[in-house]
Amino acid sequence: MKQVAASGNNTIKNVVVLGIGNRLMEDDGVGNDIVEELKRRKAFPSLRLIAGETDADYCLDELEGADHAILIDAAFMGEEPCSVSVLSLKNILEELPFSRSSHHFDFLHALKQQNYKGDGMLLAVEACSVRYHYGLSSQMEAQFNRIVDEIGKHIENYLE
């Protein structure tokens, strides 16, 4: 993956890349691990790369004023395990029903409640296993570098 300091045409600015998920729930924490690996690789020095964990308030604070949000999170969408799906954040927020129950309230609901108007995408990594366990599943761990490379390419494409 090449280092990208800014978008080619300099039209996309103020981008936050936010990993979300619970590291104590195996693959659910993969978004945080990916953001930290991108930081380690120094792949996107002009972007704010944040491991937001499960703290919705912290994540909302970090997105304040951002024009573009790239969220990286685990998902169960019925896709091939360890695959990456690219979803429009605007479409997700438009289709997401409001939730008043704390049992069905997550970061996306918090973002919708805050009436987030920025542009962005969700990079959803199909989880292999989500259970009480610190660290990624062996299947996700084996595919991790490939997944980070793919996520990096999606971010590069978004910036162009």
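For the stretch 38-53, name all the residues that are over 21 Å from LEU108 (Cβ atoms), of a type in the set (D, E, K, R) and under 16 Å from the mean Cα position of the chain (by Cα).
LYS39
Can you tell me how many residues within the stretch 17-37 are crowded, with 24+ Cβ neighbours inside 10 Å and touching a Ser or Thr at 6+ places or on another chain (Cβ under 6 Å)?
1
Could you list, ordered by first residue, the pairs with Cβ atoms under 6 Å in which the first is in the stretch 35-63 and without any contact (Cβ under 8 Å) to a residue 60 or more places away in the chain and the second is surrounded by fewer than 14 Cβ atoms within 10 Å (Cβ to Cβ) and not hydroxyl-bearing (Ser, Thr, Tyr), at least 6 apart or interchain?
Going by the 6 Å Cβ cut-off, the qualifying pairs are PRO45/ALA5; SER46/ALA5; LEU60/GLN114.
Which residue pairs have Cβ atoms under 8 Å apart, sit 6 or more places apart or on different chains, and have a first residue in the stretch 109-122 that is free of Cβ contacts under 8 Å to residues at least 12 places away in the same chain and a second that is among the hydrophobic types (A, V, I, L, M, F, W, C)?
none
Taken together, the values in this text are just the output of simple stated rules run on the coordinates, not laboratory data. Bear in mind that the values here come from a model prediction, so they are computed numbers and not experimental data. Don't worry about glycine lacking a Cβ; one is built from the backbone with ideal geometry, like all the others, and counts go over all protein chains shown.
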